[in-house]
Every structure is written in structure tokens, then in C-alpha cells.
1. What FRET efficiency comes out for M34 versus S326 if R0 is 35 angstrom and r is the Cβ-Cβ distance? Round to the nearest 0.05.
2. Counting Lys +1, Arg +1, Asp -1, Glu -1, what net charge surrounds G10 among other residues with beta carbon under 15 Å of its beta carbon?
3. Taking 0.36 nm per intervening residue step and subtracting the Cα-Cα distance, what contour gain separates K208 from L160 on full extension?
4. Taking 22 Å as the cut-off for C-alpha to C-alpha distance, list the pairs among K194/K322; K270/K351; K259/K352; K268/K345; K24/K345 that go past it.
5. List the DSSP H helices in the chain whose Cα atoms stretch 24 Å or more along the helix axis and whose mean Kyte-Doolittle hydropathy is at least 0.0.
6. Dipole of the chain (Lys/Arg Cβ +1, Asp/Glu Cβ -1, origin at the Cα centre): which of Y46, V347, A303 lies farthest to the positive side?
7. Over the chain, what is the percentage of antiparallel beta bridges among all DSSP beta bridges, to the nearest 5?
8. Modelled label-to-label distance, S199 and V319, 7 Å Cα→beta-carbon offset: nm?
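The values are calculated or read from the model by the stated rules, or taken from the named source; none is laboratory data. As the structure is a prediction and not an experimental result, all values here were calculated from the model. Backbone-built Cβ (ideal geometry, glycine too); neighbour counts: all protein chains shown. Heads up: the accessible areas ignore ligands, DNA and RNA and are worked out on the full protein's heavy atoms, side chains in. Shrake-Rupley method; radii C 1.70, N 1.55, O 1.52, S 1.80 Å.
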Amino acid sequence: MERVYNFSPGPSQLALPVLEKAQKDLVCYGDTGMSVMEMSHRSKMYTDIYDQTVADLRDLMNIGEDYEVLFLQGGATQQFSAIPLNLMVNRKADYIDSGNFAHLAAEEGKRYGEVSVVASSREDTYTYVPDVNAIQYHDDADYLHITQNNTIYGTRYVELPKSKAPLVCDASSMILSEEMDVSRYGVIYAGAQKNIGPSGLCLLIVRKDLIGKAMDICPKLLNWEVQAKAGSMYNTPNTWGIYLAGLTFQWLKSIGGVKAIEAVNIEKAKLLYGFLDDSKLFRATAQEKYRSRMNVTFVTGDAEKDAAFVKAAAAEGLVNLKGHRSVGGMRASIYNAMPIEGVQKLVAFMKKFEAANA
Ligand SMILES: *Cc1c(COP(=O)(O)O)cnc(C)c1O
């Protein structure tokens, strides 16, 4: 069977060269005589893979030595708890509520201290990101939490907030899709299943001076200091997931790195939004200024037509275009591994559907 174009929000499409390399090495990795899945995480053959993975990511994102890079488990969601447990020294934090995941992160933060939701677009069904320059931040907050790309609602920050508190960023659905100045953040974390690799892995990039402040009640496994000292291996990590993340980083480097993929991502988004803006049937739902380049949300305005479109698209090998259950409509997730050909094919199909249904 032929591979489809998978527009799933996550787990999402992986780059074909990554899958092919993993397949080639599945049974015997190099001259080790075993699969990566069968290696001890303490063995040199595996720690070599791990070290190369960290080095390649540092290279891709230009991460300074003043930052720790960790590969943890429990997805991005586990960090919703780990963040307050590791950082809430004064039991005070600011959160911007720009979407469902941002909301969940803030709700979890409330279990550990005084959370101020300093801005929210919840009342407007998250169709935009609050204006970061119109917000009153708390200078004494332990951190400010943002979700830089809102996966469900299809919005992204166009500039970063300038608060005194360290910026903690959920970058799950935008990491490695555009250049980020890591030095502007205290913490960047990302569930892997969008732009990094398979699920079950969470990347954490944390400035070293923010490590070592965890509350006494912080579970050892969630304690960044414990994990940093152990090189992400306080217990057995997701060895296979880290290996696939490493293959993704190598693939990204081979095609020119983040700057090169960012240019492709801008082109893909332009193509799709350009069509939506001229369409007589479809329209984009996010406010233009804040449109995501990774998750493109759109509707026809008629739930039956939406469902018919999703079904017909799948029959053409364009799958997982249904919007999140909380918002309906459609969503095309066009992460790094989605080639421009996939978006071209989607737009061509949308034109055809429009001609028959407008
Ligand atoms: C997918 C996603 C999450 C949840 O990630 P898990 O790995 O399932 O915990 C959190 N935040 C954002 C922005 C996401 O896109």
C-alpha cells in the first residue's frame, strides 16, 4: 500500500528517510548485532547514540552550554506538573491562557501555588493570542508560562512577552519549525510526537541556573536536578524514542537545518491560507495576525459539508483532517515532515471539492 499524507496533529507523520533508516537498522544496528531497542541504556553503544542526539539538537537550535538538554517521559503533560514543582520557589507564577493546553497547564499549576492567568483569549474561543504588550506581569513571579503554538485552535505567538520572570514555553507543536533564540527562554519543553519523533518522549531545554530549586515534595523522577545529574537516565529512558528523535535531527541537518525548514513551512502555510482566503466555500478560523504555520484550522460553516469533506479527502489519501472534538471543522497539521507536495495535493483537492459544493 502507498503511504498517505497524514495531517494528524500528533502523533504525526515522520520524515520518510527517518523511517527508512530505522527500518534498515531495526534488527541489527551497525556492527552491534542487536536492535537499538535491545541495548542497555548504560552501554557505550547506546550512550553514543544519546550523546550524538543531544549534540545534534544543540547544533540545530544553537543551544548554549548554560542550558541543559533532557529527554524525559510522560509527554508535555507531565511537565505541566514538573514545571511548578521545579520552579515555584515563591509559590507564584503567571500564565497566559491562549488555548486548551495552556489552560490545562495553568490548572495544574494551581495545585502548587498562586497562579495568575494574566491574559486569556478563552472567552473568544481562542481565535487569537492575547497582546503580550498589553499585559501586566508580576515581577516577583517565579516564571511566566506560554504555549507558543496552540495546536487545537491554530494560533501562534508573533512576539514573545517581555516579563522579568523567566519565560517557560510549551513548544510542543512548533519546536524546530522556526528559529528560536533559546537565550530568551528559561525553559522550553515539547512533547515529541509533532516535530521530533514518536510519542512517549518529552524534550526539556532548561537554563542551568533554574535547576536545583525543586520543592521537597517533587517526585524524584520529575526533578530536573536529578535527571540532569543522571543525563536523562535516572531510570530507563525511552531509548527507542530518543534514537528516532536523533534520526529526525540528522535528517533536519541534512536538509539545511531549522532556517531551511522554516522557509518551507512559511511557503506551505502561505499556500494553504492563500487558498482559504480566496475560497467561496472554506474559511480559516484563526485571526490572520496569529495564524499558526503548523496547524491550519478551517471550516465551511456547515457541519455536514465539513464531515463530507473530511471523508472525501481521506479517500484521496489526505487523512486526519478532522478538527479537534472541542471545535469541530477541519485542521491540517503541516509539521516539518509534511512535504510541500502534500499541501499542494490538499489544496488541489479542496479546489475540486469547492467546485462541486460551493
Ligand atoms: C500535543 C500537545 C501537548 C500534549 O502532549 P502530550 O505529549 O500528549 O502530553 C501539550 N501541549 C501542546 C502545545 C501540544 O500540542
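1. Details: r = 44 Å, r/R0 = 1.25.
About 0.20, to the nearest 0.05.
2. Details: positive: K194, K322, R325, R331; negative: D170.
After counting each charged neighbour, the total is +3.
3. Values: separation 48, 0.36 × 48 = 17.28 nm, distance 2.10 nm.
Length difference between fully extended and current span is 15.2 nm.
4. Numbers: K194/K322 17 Å; K270/K351 16 Å; K259/K352 33 Å; K268/K345 11 Å; K24/K345 29 Å.
Those over the limit are K259/K352; K24/K345.
5. Values: long enough: 44-61 (25 Å, -0.44); 257-278 (32 Å, 0.26); 340-357 (25 Å, 0.19).
Span-like helices here: 257-278, 340-357.
6. Comparing the listed Cα positions along the dipole, A303 ranks first.
7. On the way: 21 of 38 bridges.
Counting DSSP beta bridges with both partners in the chain, the antiparallel share is about 55 percent.
8. 1.5 nm
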